[in-house]
Amino acid sequence: MVATAAVLAFAAVAAGMTAFTGWAREVWRGTPYPVADPAATARRLDGRTQALYDALGLTRAELDDDGPGDGLATGKSSCDRRGLRDLPKNISDSPPSEPGVTTVRDEWTLKGVPRAEAGPALERAGQRLTRQGWKVTRYEHSDLRLWLFLKHPDTGDTVGVEELPGDRLGITARSECARIPSGTPMNLAEEPLLPAQRAPVQLRQAAAAPGAPGGNDRR
């Protein structure tokens, strides 16, 4: 009985040490970033901004092709290295990003939206998206700024709409950091290849229609 108890005690200690070692290793290395295909993420974000546009209800607004933003793009600057081993690097003035990890963002601009229309549009969008489970992270309607940002509770995606000078609204969506899968197609700049931007489909289809300014008029 004594020998059996001793063996059980040793096994318990060994199991505890193994668990502690695994925990210490994870703390030292940091929790790995999830793996996600940037192209699939881009398509999801394009759908997010489409849903935001539909919720705004600004049927008279136009797409501003000269507005700020990079369209569908990837970025690494916000993807910090994780774990205690990289703590000294992360507290530097220019912390390095985690290799092979990126975010995806979707950006485009609406024009022809005076503030008298923009304010109620943001209210409509906020009410509609929160009913769908989104959480408001920032909202302000003041003399200084007009903006609305929301976060999806499952994916961590964020969407936002912000007033810009010249009766314009900037529309954005952004994913959380994720590791790029091996074998992902890359461009010459070693950035993941992303699909073409489609949202808002109503305005892009209208702009590409024959006879539209900038459209493919084959007459």
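The values are calculated or read from the model by the stated rules, or taken from the named source; none is laboratory data. Computed from a predicted structure; not experimentally measured. Using ideal geometry, Cβ is built from the backbone for each residue, glycine included, and neighbour counts are taken over all protein chains shown. We work out accessible area using only protein heavy atoms, side chains counted, and drop any ligands, DNA or RNA first. Shrake-Rupley method; radii C 1.70, N 1.55, O 1.52, S 1.80 Å.
Compare the peptides 195-201, 137-143 by average per-residue count of other Cβ atoms within 10 angstrom and give them in order, highest first.
Answer by packing, highest mean first, reads 195-201, 137-143.
Counting pairs of Cα atoms in segment 113-219, how many percent are more than 16 Å apart?
It works out to 71 percent of all Cα pairs.
What nm value, rounded to one decimal, do you get for the distance between Ala196 and Lys76 when each label is placed 7 Å out toward the C-beta?
2.9
With just the Cα atoms of segment 34-77, tell me how far they stretch along each of the three principal axes, in Å, largest first.
39, 22, 15
Rolling a 1.4 Å sphere over the protein heavy atoms, what is the accessible area per residue of segment 105-145, to the nearest Å²?
In whole numbers, segment 105-145 has 59 Å² accessible per residue.
Which order, highest average first, do 117-123, 106-112 follow once you tally other Cβ atoms within 10 Å for each residue and take the mean per peptide?
Taking the mean over residues of other Cβ atoms within 10 Å, the ranking is 106-112, 117-123.
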